[in-house]
Every structure is written in C-alpha cells, then in structure tokens.
1. Roll a 1.4 angstrom probe over the protein heavy atoms and tell me the percent of accessible area of the chain that is carbon or sulfur.
2. What are the ³J(HN,Hα) couplings of the stretch 65-76, residue after residue, when phi is run through the Karplus curve with 6.51, -1.76, 1.60 and θ = phi - 60°? Round to Hz, x for glycine and proline.
3. Would you mind giving the three semi-axes, in whole Å and largest first, of the ellipsoid equivalent to the stretch 2-96 according to its Cα gyration tensor?
4. MET1: accessible area at probe 1.4 Å, nearest 10 Å²?
5. Relative contact order of the chain, please, whole-number percent, based on alpha carbon pairs below 8 angstrom and at least 6 residues apart.
6. At 1.4 Å probe size, with every protein chain present, just tell me what the per residue accessible area of the chain comes to in Å².
7. Provide the percentage of antiparallel DSSP beta bridges, counting only those with both residues in the chain; round to the nearest 5.
8. Give me the distance between the Cα centres of the stretch 164-184 and the stretch 227-264, rounded to whole Å.
Amino acid sequence: MKAIILCGGEGTHLRPLTCNLPKPALSVCGKPVILYTLELLRRHGITSVTLSLGYKGDVLEDMLDGRNDGTEISFAYEDSPLGTAGAVASSADGEDVLVLCGDVLCDFDITRAISVFSEKNADAAIIVRRDGDYSSRTVFSADDEGFVTEVTHRPPRESCRDFLSDGGVYILSASAVARIEKGGQCDLCREFFPKMLSSGMKIAAVEDSGYHCDIDDIESYLRCQHDILGNGINLIPDGHRTLGGITCSGRECYSGARITPPAYIGTNVHIGEGAVIDAYSVLCDNTTICRGAKIHGAVICEGAYVGERATCNEAVICQGARVSDGAAVYENAVVGAGSIVGRDAVVESGVRIWAKKEISPAADVSYDIKYGTGERIRI
C-alpha cells in the first residue's frame, strides 16, 4: 500500500518556528518530524511514499531527495490549497492509500489498521483514540461492529463523553478516492467522511492506544520532546543512549557540567564549566551553552548560543539565535532564528520574538516582537 503524507499546512500557531520551515521539518530531539514518520512506515513495511507539499515544500524536498534508506519518495505540489481530501486525490494513483498528517507524531499499529480495513471490507478506515482528549478538530462515534456512524467537527467538550478522538491516520480505498473531485478544495474530516456516510459507504473505526501528538502549538512542540526523552514510546532520536540516560549524537565529554537525564545532546555541542542542563532539555547540533548557564527543559535549536549565567526555562531558542550573558527566557517563550536577546534582558513567559530581532540589554519583554527590520528593539 502506498502512503501519502500531508505536508501543506503553514503552521501559523507555531510561528516564529515555522516562518522558514514547514511543520514536518521541525526538529524533535534533533531529528525532523518527517523522519520519525518515515521510520514508522518502514517498520510496517510501507516503502512507497508521496509527500503532498505546499508551504515551504522545497525545504522538505531538499531534505529528503536522494536519501537511500529503502523508501521510495515522490513529491506532489499544490498550486493552491486543496484541503486534505483534495491533496489525496491529486496524489493517489488509482489504488488504496494510507494517509498521514505530516505534523503528527504517532506510534500506531499501522499493520493492524490495514488488516482491519481489509477484513471489514470497508471503504475507509480511521485510527481513533479513546483517551478522553477531545482537543482534536474532529471526533467520531461508532457502532458495536466498529463502523463510524457520525462525524462531528469541533463539538462542545461537554457533549464528548462517548466520542472517539481523531488519530490523524486514514486508509482510503481506491473507490473512495475516486469520489473526491480532483482539483477541488475538500477536507477529509469536515466534508468527505460525512459525504461517505450519507451515501452509505462504510468507514471502519480502528481504536489504537499508541502514542499521538498533534504538533499544533508551542506547548505541544515542547511536550513531544519530553515524551520521546521519557523513553515510553517507540520513537527514537538519532544517537546513542548513555548508561546515565542521556541521548548523545556526538562523543564530547561534559564532565564540568551538571546534566540530569533524560536529555538530548547533539553533535559538536559545547557546554561550559558549571552549566546546568536539567531533565528534558534538548541541545541540538552546534549549540553553545556557556559557563554557569541554566537550561531547564528548554529546546536549544541548531547553532544557537546561550551565554554565561543565562537561563532558559521550558522555552524554544531557534536556529542561530543568541541569548546573551545573564539573560533569561521563560516558559513557552520563543526566540526566533537569528535573534539576539541582550545582556541581562528578560523574555517573559509565552512571548514570541520573530526572526532576526535584537532585544536591548536589560529589557523586560512582555509582549510579542513581530515587526521591524532587525534593528535593536528598545523596550
């Protein structure tokens, strides 16, 4: 069976992380989300994959083109947004297809889902979760035989007692795909699945208790890194795991720092004397953590710099950004790619600083810094 991975979304809720990257290219414990998805598919014997691309699709194509890992990857571009169903129709080749969302990290039993789809002779199948998390955009109800009876988009939480959450993984028969209008805009969950039900087609609901994280905001981006480091799921970052529980891609020695596992440390990472790297911290390739700095569960992206005595608490410091000596960046804040937080400045919780901004020394930033041309922002 061929897989189609939907990668066209703009990721507006994740900006500034996604100003220059599509969501599937975001790094989770040093590895892009899309690579975890491709590894999941290979584990279940699926090696023919089409990526349906839109926003910043060239980044993913450059990342994956020419890889020699046993997966045959092709790319399909949308000239204009087609919705999830429209993207499937434009990428399918007259066969049954497995559809995954490129911004979802999951560890579902794909083999079992395909088996249930076949055994029930269904027109489609949806992996669903019975976990009480109804934050997903769509929920389903099913009968005693395991077939979907109702699709509800964004229902009130108080009415969700018996519904099943959307897992973001779907199987569509060739006959179902043929019913999607090519070139038209259509969403699978909001429009196409209800149309299938109204026309008498059968959709199987396949319950799966495996790991699932829809990376839709900064909180979920941080949470999935914590989940992977906790080692409770079968999503493995690159590198080797030390006896102390630290996952390392390089071979550097950090004897002068205090590192509390689990944590991730990439290649060519420099950690100064007396630095504190607390549990669930992620230090990507080519990062520098200076003497006395404190990293508490933060994600420090590739090439970023954290100065002496600086503090990063459960925040995201993007590629090439710089947190100067004595500065502090607090929970769920984001410092955009190439930005500079001045000496002794404070970035308050939840604040987002867009790319290539410079914050004045000793500033207290309590609101988003989005506009400007890169000059120093005086607070």
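1. Carbon with sulfur: 44 percent of the solvent-accessible area.
2. 4, x, 5, 10, 10, x, 9, 8, 10, 10, 10, 10
3. In descending order the semi-axes read 20, 18, 11 Å.
4. Surface accessible to solvent at MET1 totals approximately 80 Å².
5. On the way: 988 pairs, mean separation 45.1, N = 379.
Across the chain, relative contact order equals 12 percent.
6. 42 Å²
7. 30 percent
8. Taking the Cα centre of each part, the stretch 164-184 and the stretch 227-264 sit 39 Å apart.
The values are calculated or read from the model by the stated rules, or taken from the named source; none is laboratory data. Just so it is clear, the structure is predicted and the values come from calculations on it, not from any experiment. Glycine gets a Cβ as well: all are built from the backbone with ideal geometry, and neighbour counts include every protein chain shown. Each accessible area value is taken on the protein alone, full model and side chains, heavy atoms only, with ligands, DNA and RNA left out. Shrake-Rupley method; radii C 1.70, N 1.55, O 1.52, S 1.80 Å.
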